[in-house]
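Written below as structure tokens is the structure these notes are about.
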Amino acid sequence: MSCILAGSLFVTSCKKTEDPAPVTPSLAITSFSPTSGKAGDVVTITGTGFNASTTGQTVSFGTTAATVLAATATNLVVQVPNSINGNFPIVVSQPGSTSVSSSTQFNVTTTISKPVVSISTAITANQNWTADNIYLLSNFVYVRSGVTVTIAPGTIIKGDKLSKGTLIFEPGSKIMAQGTADNPIIFTSNLAPGLRNLGDWGGLVITGKADDNAATGITDPTALPVVEGGPTTQVSAIDGQRSNTDNSGVLSYVRIEWAGVALSPNNEINGLSLYAVGSGTKIDHVQVSFANDDSFESFGGVQNMSYLIAYRGIDDDFDTDNGYSGNVQFGLSVRDLTIADQSGSKAFESDNDANNSTKLPQTSVVFSNMTLIGPSAVTTGGASMSTTANPANAAASANYVSAMHVRRNSALSVFNSIELGWPAGLLLDGTNVGTNVGTGKSVIANNIFGGNLAGSVNGVAGYNRDVLYISGSGGAGSLTPINALGPDSSAFGAAVGPVTYLKANNNRRLAGTAAFMLTNPFTASGTKPDVTPATGSPALTGADFTNAKLANAFFDKTPTFVGAVSADKNYTSEKWVNFDPQNAVYQ
């Protein structure tokens, strides 16, 4: 149309200006209220760009999804999710949009939703512990002979730190702790997530009436050996009253976390301490994490164990003493770069007894299908340990000794297993140990060693410490120096040395940890390691079960792989396992 202005004739074309397109507010969080609360509490989030539908976006506290109860363009009403504790950013995500996080964190407070049952004195009658309660152990709690404690799947048992809460099953008592793959039984610290540490409580001690060479020859009951670490419990039985078929109960699908009390050298409570436990006892699917001494220690006994995990303990992962003669199959140990004990830390430490004696029964445990991940990854030809396992630290602890330390007349045997990433692999300590190997009492066969520290030993450059032998009476104390080597040519008699022996028994040696081709064995603390052999890994083949020491029906003889797991047989990935107990919420 035309527009005519007064005083002059002005003709122009006039066009209606179009309204601007509406601007969609960008997705943002400006505040939330309240700023802390427990699981189930309601929180209002204020911001812009929200979808007015409760299903138009997802809201999470950290990575845990929350339920959206109501929604407008500027407000979301959500419920704090279960099973988390600590400080978390609130995250809002919409399909096709970038997620936004709150600039401050919401504090999820810990609340105990179950009654706490305190256990602080001796248990003298049968008890049933259920998942409806949390059980708090204070002091040394003794389960007396003839008493059975039955623990239901999903039950949580915590230990008091100040009193060193410890649960001790005496000879003749029984623990019936049968968890499930989806609902394990958990023994853990009484401290909140983020505050837990090694040694937060005592541990679990199970004793029986089977053989223990510390009890051999004893006819006076008052002279029987006593468990380490302070408890007064005597173990095994006098001559004529011991039974290797003794039954101390069931421990299955169980986690033990943050346990272990070291009162003095060689006087400690471990994560799981087993004394003279008989073959009638069932122990399988047990994970011990962050133990303040050994993860598993067997003093005498003949119990069989399978599907075990020792995770980042401070001392030894599997310690065997005093004539332990059981069988162990499928076990994983994973170390921390800097967590190691002044006594010298190993995956296997094995003695006949502390006195290097010939007492019977002789320690003759048989391990098969174990994977022993040391404190660091070592590349081919490396002269020192790298920091792959824990990049926050500059070097591995000097207290690490070897993956396997066989000493003091032990006749330990190892088959079909993997060892990598240690200062040394197999340390055979003392002439009597060499004799046990040379005569076949101790057999090391069909294993893979490698990725261990390399360097100069006894003036020989480039020496790889995959297998060491110390002649004579052995090394001094627990922290045996790994540079005092006996001559290879005469180590085991008949001019057969340790390297020759290993090759003759189908053991393999690899230069670096990468050569094992395990999927992801070195991870940061709290992150699940994956020790599954990848395609092409030498660990996929090589298992052999023809040795007479593996004839026991206990052993699963079907695996063709060496080590603890394969892609289709990996118990370490099951739901009952937890590699991050620091942040687990138990309520």
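The values are calculated or read from the model by the stated rules, or taken from the named source; none is laboratory data. Quick caveat, the model's predicted, so the values are computed rather than measured. Cβ placement follows ideal geometry from the backbone for every residue including glycine, while neighbour counts extend to all protein chains displayed. Only protein heavy atoms, including side chains, enter the accessible area calculation; ligands, DNA and RNA are left aside. Shrake-Rupley method; radii C 1.70, N 1.55, O 1.52, S 1.80 Å.
Side notes on the structure shown:
- Dimensionless Rg ratio for region 102-144, taking C-alpha atoms and the 2.2 N^0.38 Å reference: 1.81
- Distance from region 402-434 to region 225-252 (C-alpha centre basis), Å: 27 Å
- Order by protection proxy (mean Cβ within 10 Å, highest first), peptides 303-313, 115-125: 303-313, 115-125
- Taking each residue as 0.36 nm, the span from ALA551 to VAL42 lengthens on full extension beyond its C-alpha to C-alpha distance by 177.2 nm.
- Taking amide H as placed 1.01 Å from N in the peptide plane, the amide H of SER345 sits under 5 Å from that of TYR400, VAL401, each at least 5 places away or on another chain.
- Entry comment: accessible area of region 28-108 is 47 Å² per residue, from protein heavy atoms only and a probe of 1.4 Å.
- Highest average first, the peptides 141-151, 25-35, 564-574 ordered by how many other beta carbon atoms sit within 10 Å of their residues are 141-151, 564-574, 25-35.
- Label-point separation, THR35 to THR64 (7 Å along Cα→Cβ), nm: 2.1 nm
- Rh (Kirkwood; distinct C-alpha pairs) - region 28-108, Å: 12.2 Å
- The packing ranking of peptides 346-352, 267-273, highest mean first, is 346-352, 267-273, where packing means the average number of other beta carbon atoms within 10 angstrom of each residue.
- Average silhouette area of region 149-251, convex hull of alpha-carbon atoms, in square nanometres: 7.9 nm²
- Solvent exposure of region 286-358 amounts to 16 Å² per residue of accessible area, where only protein heavy atoms count and the probe is 1.4 Å.
- Across all Cα pairs in region 267-318, the calculated P(r) in 5 Å bins from zero up to the longest distance comes to 5, 22, 31, 23, 15, 4, 0 percent per bin.
- In a simple Cβ point-charge model (Lys, Arg +1; Asp, Glu -1; nothing else charged), region 199-296 has a dipole of about 260 debye relative to its Cα centre.
- Additional length obtainable on full extension of the chain from ASN506 to ASN87, 0.36 nm per residue less Cα span: 145.6 nm
- Share antiparallel - DSSP beta bridges, region 28-108, percent rounded to 5: 95 percent
- Look at the alpha carbon pairs under 8 Å that are at least 6 residues apart: their mean separation over the length of region 28-108 gives a relative contact order of 32 percent.
- With 31 Å as the limit on Cα-Cα distance, the pairs of LYS549/LYS569; LYS114/LYS346; LYS174/LYS528; LYS114/LYS569 that go past it are LYS114/LYS346; LYS174/LYS528; LYS114/LYS569.
- Summarising the label geometry, the points placed 7 Å from Cα in the beta-carbon direction at SER120 and THR523 lie 4.0 nm from one another.
- Overall Cα dimensions of region 234-288 - principal axes, largest extent first, Å: 37, 31, 10
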